[in-house]
Amino acid sequence: MSSETKKNYLPLIMLILIFGIPFLASTIFILNPGLLAKLSTAGNHGELIQPVRALPTELKFSQINGDEFRISKNLDEKWTLLLVTNSICDKICEKNIFHLRQIRLAMADDRDFVNRLVVLNETSDLEKFKEKIVKYTKMYVVTENKQSIEKLLSAVDPINKDRTNHIYIIDPFYNVMMHYKPTDKAEGIINDLSRLLKATKG
């Protein structure tokens, strides 16, 4: 093929590249819907929940100190680290409660935009649990009522039956958007939450 012929075909080749690549990409995603989800989680340390799960904001709860708790009132349109655990609170539970505080502190100037919420799915040993959390201030601990807590946990995570010691990130619109297993590292949650806070600030 002469150089003149190559020049004549160059515009056609460019058109094929411009219009053909987007079509090819969209076809790949249509035929492989799971691929898009995998790409969207790239760089995340936890499980990105798609679509997000809305929390039932109309429910009322009691805190461990006896105060009433409502999601829309107490969470106050901030990011929230939610830990599900029980009053027995084993070593993993203690570690995760400590991590909630450290993760919030790691947000530095943005820490006031982050709540900590512990939801107890079992309350047989509340007095011992109180002793374990006495040094943790500005942390919500919800204990009652059982029916409301069951509804809340079903909304938070309808997939995992045993949610004990799992951590979730709630956005300012009260949607569950990230999930972390008990074995996930705090450093990963710090990285994810930092990126989310930066994104909301633009």
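Each reported figure results from applying straightforward, stated rules to the coordinates on display, with no laboratory input. As the structure is a prediction and not an experimental result, all values here were calculated from the model. Cβ atoms come from the backbone with ideal geometry, glycine included; neighbour counts cover every protein chain shown.
State all residues of the range 130-176 that are surrounded by 15 or more Cβ atoms within 10 Å (Cβ to Cβ), of a type in the set (D, E) and more than 15 Å from the chain's Cα centre (by Cα); if no residue qualifies, say none.
Within the range 130-176, E144 is the sole residue that qualifies.
Within the range 45-61, track down each residue that is surrounded by fewer than 16 Cβ atoms within 10 Å (Cβ to Cβ) and more than 20 Å from the chain's Cα centre (by Cα).
Scanning the range 45-61 gives E58, K60.
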